[in-house]
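So the structure is just underneath, and the comments pick up after that.
Derivation of every value follows stated rules applied to the coordinates shown; laboratory data play no part. Please read these numbers as outputs of a predicted model, since none were measured by experiment. As a convention, Cβ positions derive from the backbone with ideal geometry for all residues, glycine included, and neighbour counts pool all protein chains shown.
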Amino acid sequence: MVYKAAHNGLFVRKLRKKFARPKERQCALNLHCADRRAAAAKLAANRNLLWADIQEYWKNQDEYIRQLALKHDKKEEWMRLQACRTGKYGRHRKISKYNAWLHARSLVLNEDLPAGRKTRLLELHKQAKETSSYKDIPEAEMDEMVHALEEKRLLEKKGICSGPAAHLNDVRVTTKGVGEELLNLQKRCATASFSITVRTDPSHANLPLIYHDAVSQDFIELLFGMDIDDFALKMEAYALFRIKGIAKNNNDRKTMTKRIVCVLVKRGLREITGEYSLDMEWKRYESKIVDTWRVEFVGWPVNEFDPHVLGVKDLETCVAALKDPDPVCYWRKLDDEELTQHHTSLNAKKASGEIVTKQRKKRSDAGKKRGSKTRPRDDGDKENER
């Protein structure tokens, strides 16, 4: 049975070899030693050139930031943070003899490596486990290593930190300071306050950070009917995706967008007229707003000047125009000549029927003298008064 099985296996292998597809010719995987040396030398030269260009860029950047600081009379550190969009907060491991020895050992090992390459931290820890030489170093040499690490940390602290981790630490530390100040203010002056910080860039990783006291928490829950954590998540959704993040459906999205348009237009009307109890008249805009208050709205981005009849896309276009930093649509005052032209144009539209004014219904007793609306007293009422 053993021979039969072996024979069958040999027969199968012969068949596979006979009917197998011809293999494509492949190039040799191993390069010649000279070719490998040439490729490695070219890679090292490109890496050195890259780091030379990066260092030259850093040098020019430092000089430009220094000129900006002198021009605008600002500190160089502050200007560096603003120009590079970076944070100044970072995390570091505790300075100890072991960390100082790792830092000194990395300086020695990195000398033989090409520019831009560093020894991995895992390799340093592996060497530390294999030997206990750092424990036998004299006290004076160890103090020098610790001092060198402290100088490196101080230089990093004065420098800049870029990237998601730096942004996260900057937000965390700043909001923590704000919370401490609000807490101290509450203790000193018996105040109530809350602070919510959310991200506006989806690439950042920080979650909503909240400071609140009992009063503000009850206020949010009673007014909006939700927990303050849910309120912060809603605020983050709005900050990231505007109306789309908090609307449950298209109808809610339209309602909320229309509300924002009305609020922004009314706010501008009140600011230009100085009447902070004035409401916007959309249907009687020509007569109630332009004629009465001598102002007009310029630059409306869609055809219909009434948000109550617009669709979602037109409403979002209006919101974008109203929130644009460069004013696209705004309120402006009319002089006497412009107001006269407006009256002429309005009367012409009324005469042509383009603007139809609603006529009040005529009273059935029009032209008749109407007496007092008070009911005359009878004798019974007089006797009760007595």
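Annotations
- Förster-model FRET efficiency, 35 Å R0, T340 and K313, C-beta, rounded to 0.05: 0.40
- Spin-label pair V263/E123, simplified geometry with 7 Å Cα→Cβ offset, distance in nm: 5.8 nm
- Across segment 206-214, rounded Karplus estimates of 3J(HN,Hα) from the backbone phi angles (6.51 cos²θ - 1.76 cosθ + 1.60, θ = phi - 60°) give 6, 7, x, 10, 10, 10, 7, 10, 5 Hz, Gly and Pro being marked x.
- Peptides 280-287, 54-61 ordered by average Cβ neighbours within 10 Å, highest first: 280-287, 54-61
- Cross-link check: pairs K126/K176; K176/K323; K234/K266; K176/K234; K283/K313 evaluated at a Cα-Cα cut-off of 29 Å; pairs beyond the cut-off: K126/K176; K176/K323.
- Sites L223 and A38 - FRET efficiency at Förster radius 51 Å, r taken between beta-carbons, to 0.05: 0.10
- Rounded if a/c under 1.5, otherwise prolate or oblate - segment 166-258, Cα gyration tensor axes: oblate
- Taking Cβ atoms as reference points and 15 Å as the exclusive limit, the residues near S277 contribute a net charge of 0, counting Lys and Arg as +1 and Asp and Glu as -1.
- Gain in span if fully extended, Q55 to K362, counting 0.36 nm per residue against the direct Cα distance: 101.8 nm
- Net length available on complete extension from E144 to T191 is 11.8 nm, with 0.36 nm assigned per residue and the Cα-Cα distance removed.
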